[in-house]
Each structure stands twice: as C-alpha cells, then as structure tokens.
C-alpha cells in the first residue's frame, strides 16, 4: 500500500520506525526514537525513490559512546526528528553487522571531510551516492558546529532547489572513488618490505610508555605480531623490546581493567591511563595472541599472565551459553561513561578501612582529586610503570584476594555496562585461534575445549548447507552472508585447532572454507580478494579490496598467512601460487603505506619462512605427545604441525624455507633443531 506524503510525494509508508523488527542490538537501541528509522533494505531505497527524498544514513555500533551521545541529543529530540522525517528517508546501519556498507561510506567520508569515525552520518541520493558527510552532530549549533536543527533545512533546501548541482557532485565523487573495483596499484615491493615497516614503527615508537604515536593510543596488537616476527627471523632485539614494552605498558595501564580483567578499546592519553571504556572481543583475542608470542619469544612471566588473563576474561565474561562469544561490553553505563570502573578515596575508605584503602590508593594511583572527567573524585586504577631500562615486576602487583573480593562485590552492585550479544564469525574466529594456541602454549586444556565449542557452534548455526559462512548471529537468527574477514579468521582458527589437536577434521574444514572463499572473493586474474561477495538487500555495494590494518589485521593479510600455512599442511603448490599472486597484488599498498600494513608485512616475512612439522607415531603415545610439546616450546610464528599416520616410533620431520631437515628422533632433539632455525 502506498501513501502520499505531506509534500505531495507518493511512496511506501514512512510513518513508523521499523527497527523493532531487527535483531541487531544497535538497531534495537534506536527502535523507540521518534525518527522513522528504516533498516538498510529494499523497502527503504524504494521509498526514497518513490518519494524523491534523499537518504539520511547513520552508521554506528552498540558500544559506541558518541553514538549514544548523538542519539540522546538529536535522535531523541522531537523537533529534530520531525525535520528528519519530513526531509529524508532515514536509514540506520550497524557497522558490525554490515562492515561492507561501513567501509564504503567511510571511504566516502575520508574523501569528503578528510576523516571518519562513528557515528558516521551521510546524506545521499536514493541510489546511494552521498553529497554530505559528518560524524557527531549536536541538536543545536554550538562551538562552531552546525546542529541538526539548522542543518536539516539547509540540506532540504539544496535538494529541492539545487538538485542538478547536488546530484552531479555526488555522481562525480562516486565515479572517482568506485568507478571500478578498488585495486591497490601494483608496484615493485620495497627491496626490504619488512625492514621498511620496522623503520616506520621505530620512528613513531614511544620509548617511555610504549605504543606508537601520540594520543589516542590503540593496542594495535598486529604491530606487536609483526615486531616479534621481525625479531624471530631477523634477530633484531630492538623489535622484540618495542613489542614487549608496549605489551607491558598496556598491562600496567588504566586501559587494562586492574580489578576485573580485560582490555578497554583505547587510551585517551599517551600513558595508557584513562581509557575509552568499550571492551571489544577482538582486542582481547588479538592482544592475547601477541602476549602468547611474547611469552614464547622471551619466557617472560608477565606475558604469560597477560595472555591467560585475557583468555580467562573472554571465557568468564563474553562467552555465550551456545559456545560462541559475544561482541563487546559497552563504554557507557547508566551512571556515566567510566562510572562502573572508577573509585573514589572516600568510597575505598568506607569499604576497606583507612589502612587498606591507603594501600590500594598507593598501588593504583588513586587520590582525592580524581582523574576522570564527569565523575567527581573518580579514579581509574593503574599500576606504576617503570622508566626505560627497568623491567616491570612480574607478575604485576595486585590487591590481596580478600580486598579484591570486597571491591569486586561492591562493583558488581553498580549499574553495569550493556553486553552486545551479537556473535560475529570473524571475531569468534580470532578468539578460537587464540584459545587453541593458548591451550598448547599455556597448557590449558579448558582453552582447547572452548575453542572446539566455538567452532562447533559456528558450524551448527553460522554455516549454510552449501558451506557458506554467515557473518553474524543474534538471538537465534543468522545475519547476512560472511565477508572475507569471516572466512580468513575462521580458517585461521581451524589451522590453529589442527595444530593443537592433530585432528584431520579441522584441516578439512579449513580447506573447505578456503575453497568457498576463493570462489566467492578471489579475482583469478589479479590475485587479490574482494572484501564482500555482493549479496544483500538495498543497493549494490561497490567491490573493494581492503588491505589496511584497522582495529584488527586485514582479512587480506590473514588470508596470505593462511595460504602459506595450507601449503605447508597439504604440500599442494596451488596454495603457495595463490599466496605469491596475492602478495604481488598488494605490493603497491605496502609500498605506499608501510606502517598501515604491518600484518601484511608479517605474513610476507614469516609465510615463506614458517616451519612445517610432520610427526610420526601412534596417537596417544607418550613419546609422540612429548614431540608435540617440544614443537610448542619454541617460538616459531605461523608453524604448522601434522601427523603423517604412520605407526612406527615417534619422530619428527621439519621443513623450513623450502628445505626438509633430517628427522628428529626425540623431543629434545626436535627442540634443539627448531630453536636453531633462522
């Protein structure tokens, strides 16, 4: 049924907000807004065409602080909503459910305003070509920022009275950005791509506090994964020290929840002191992988404790009853951002008594003035981090168990941040990979069982009958088809589980998913992989090749690493050929922005050089188990471990850099052989 709107346009009914029909936690947060939000679907775009209105596209995610602020100030404002409903078809997108949409419009935003972020707000033609972009917009104009009450009429007037100019400009921008699939220009790789990346990281390294660049600082664990590989294969101890000091500073800082565990999303300052308070599943998982490798590389107990702490946190706080892992804990709580994590001196004294409160204040740097904006007297706990040249204590100092129990119980009575209960294939893949590797490195069988259950859940609930991955699952309902990152990370997890268990089922799943990934995303003539397969409602999303590392390593880089490892597991040259074609196709991206492609450089460094270990012996035999333990005792990034099926005495054959070495007949012999590989 169609209606005629109050400006004489005929179209689908736009008289209600349709988000209550969705499953996304972020979209449901906006279901009661007076704005007539539509999901990204055919109905919304048809309505825009039939009513001849532009689309107001707003992209965010459930744990985004500034998304909450804009909702409260603008989208819950009746006057703003009335203007938006009259001028636009308003569409809401959860960037975590639709990273393809987010990626395309973030690229538009970067071209139009020089940067992006969330909430990302675009006004665009009914065929999806934007002509206005902004991030946070208040309701009313203030501090030189135009507010929605003034902005919407200006855009509406331009659409009505300068249509040809607006549409022409939008079309030109779309043509320049997405006239064809965005392929990074090929170029000869730098003579030493890994060295180029290392030098860029070294130039931005903060030798006092660790990390790279100025505030805000993100964990960016892929930087540490690269640096640890550079140390392993180039012998550069400075790279190892940069990675390890950064991890230690994160563990000692306020970005780490010193009471409850887990890692916040980023630090607002150079010292890792006051964080932005989301806890994202991907940060826990990729940082745990970096800490595991730092422990293997150095034997440092701090990194062992850090990896175990992160994996324990996701097991205790982010695991769903079905075996998957939830996406995130919100930045905000009902009492304000950070209120759940902050402590006041008088509060500590009332709970613990003056003596013990003074000890905790000294340990955590707490004073009466506080350090958290908006929370009078509120402090974020952090530990004192030593200057360069001094090693931080390991394990890190902590409250005694009774004090910790009292504080945890008290904090548990505060209004808690919301959990985003969406399960995403990519983030679950990286979590299962970290758990599988952690099970061997830390001798934690419970981690292995959790990794198994995670992959089992995805197999049951997020894989179609024809073997395709779904990207997300919420409240019993799968979302859209998976993207490149989903396949890359789940394949990574299957490889790690095969390494940890020697079970063929995980290798077969990795190979099956790689075949689907190749058929859906790979360009056979170019060698690269598109980010999306083009399925879904709404309007077609331009195909892009995503190469830059963001909050997590890029799917292209992880795919390169997977292809090299699949070659080692199977002996099939096809995987190595595809890896080399992919590396060549991404060479221009690496040359143009070395420090934005640290995971790509890591894959190029360790992929051709990783060790492939083939064990012989009877399953369950103690000597074979000792061989497997020896393989995990040495830091060999991206190694593969397989069982050849023979029934003789336990032995191991190692192939490295294209050469197979003499077999090792004991675990000690294998450990010595592996430790000598360079």
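Identification of helices (runs of 4 or more DSSP H) wholly contained in the stretch 297-373 with 3 or more residues that are crowded, with 20+ Cβ neighbours inside 10 Å and assigned by TED's automatic domain parsing to the domain that holds residue 423 yields 301-317. All but one of (1) out of contact with any helix residue (DSSP H, G or I) (no Cβ under 6 Å at 6 or more places or on another chain); (2) over 24 Å from residue 573 (Cβ atoms); (3) modelled with pLDDT under 90 hold for residue 627; state the number of the condition that does not hold. For residue 627, the failing item is (1). Whenever a residue of the stretch 315-339 is over 13 Å from residue 279 (Cα atoms), its partners that are modelled with pLDDT under 95, lying with C-beta atoms within less than 6 angstrom and at least six residues away or across chains, give the pairs 334/415; 335/415; 336/374; 339/333; 339/375.
Among 543, 588, 571, which is surrounded by fewer than 20 Cβ atoms within 10 Å (Cβ to Cβ) and in contact with a helix residue (DSSP H, G or I) (Cβ under 9 Å, 6 or more places away or on another chain)?
Checking each option against the conditions leaves just 543.
With respect to residue 353, determine if the residue is in contact with a strand residue (DSSP E or B) (Cβ under 8 Å, 6 or more places away or on another chain), on the phi > 0 side of the Ramachandran plot and modelled with pLDDT of 95 or more.
Taking the combined requirement at face value, the residue does not satisfy it.
Quick check: anything in the stretch 258-267 assigned to a helix (DSSP H, G or I) and at pLDDT 95 or above? No, the stretch 258-267 contains no residue that is assigned to a helix (DSSP H, G or I) and at pLDDT 95 or above. Listed by first and then second residue, the pairs linking a residue in the stretch 348-362 that is in contact (Cβ under 8 Å) with a residue 60 or more places away in the chain to a residue that is crowded, with 16+ Cβ neighbours inside 10 Å and not in a helix (DSSP H, G or I), with Cβ atoms under 9 Å apart and 6 or more places separating them unless they lie on different chains, form an empty list. Determine whether residue 416 is in contact (Cβ under 8 Å) with a residue 40 or more places away in the chain, under 27 Å from the mean Cα position of the chain (by Cα) and in a helix (DSSP H, G or I). No; evaluated as a whole, the condition is false for this residue. Checking 435, 448, 442 one by one, the residue that is surrounded by 24 or more Cβ atoms within 10 Å (Cβ to Cβ) and touching a helix residue (DSSP H, G or I) at 6+ places or on another chain (Cβ under 6 Å) is 435 and no other.
Looking at 381, 392, 399, which is the one that is part of a loop (DSSP other than H, G, I, E, B), more than 29 Å from the chain's Cα centre (by Cα) and not assigned by TED's automatic domain parsing to the domain that holds residue 477?
Details: 381 fails: more than 29 Å from the chain's Cα centre (by Cα); 392 fails: more than 29 Å from the chain's Cα centre (by Cα).
Of 381, 392, 399, the one residue that is part of a loop (DSSP other than H, G, I, E, B), more than 29 Å from the chain's Cα centre (by Cα) and not assigned by TED's automatic domain parsing to the domain that holds residue 477 is 399.
Go through (1) closer than 16 Å to residue 171 by Cβ; (2) modelled with pLDDT under 90 and name the single condition residue 126 misses. Of everything listed in (1) closer than 16 Å to residue 171 by Cβ; (2) modelled with pLDDT under 90, residue 126 misses just condition (2).
Is it true that residue 251 is more than 25 Å from residue 395 (Cα to Cα) and either at pLDDT 95 or above or not assigned by TED's automatic domain parsing to the domain that holds residue 288 (or both)? So residue 251 fails the test.
The single condition from (1) assigned by TED's automatic domain parsing to the domain that holds residue 573; (2) modelled with pLDDT of 90 or more that residue 635 fails is (1). Report whether or not residue 396 is over 24 Å from residue 332 (Cα atoms) and either in contact (Cβ under 8 Å) with a residue 12 or more places away in the chain or surrounded by 14 or more Cβ atoms within 10 Å (Cβ to Cβ) (or both). Taking the combined requirement at face value, the residue satisfies it.
Tally up the residues in the stretch 250-293 that are surrounded by 24 or more Cβ atoms within 10 Å (Cβ to Cβ) and closer than 16 Å to residue 213 by Cβ, please. Total meeting the criteria: 5. If you check 186, 199 for being out of contact with any helix residue (DSSP H, G or I) (no Cβ under 6 Å at 6 or more places or on another chain) and either modelled with pLDDT of 90 or more or not in a helix (DSSP H, G or I) (or both), only one passes: 199. Whether a residue is in contact (Cβ under 8 Å) with a residue 60 or more places away in the chain, under 30 Å from residue 43 (Cα atoms), assigned to a helix (DSSP H, G or I) and assigned by TED's automatic domain parsing to the domain that holds residue 226 was assessed, and residue 518 does not pass this test.
The values are calculated or read from the model by the stated rules, or taken from the named source; none is laboratory data. This is a predicted model, so every value here is computed, not measured. Virtual Cβ from ideal backbone geometry, glycine too; neighbours counted across all protein chains shown.
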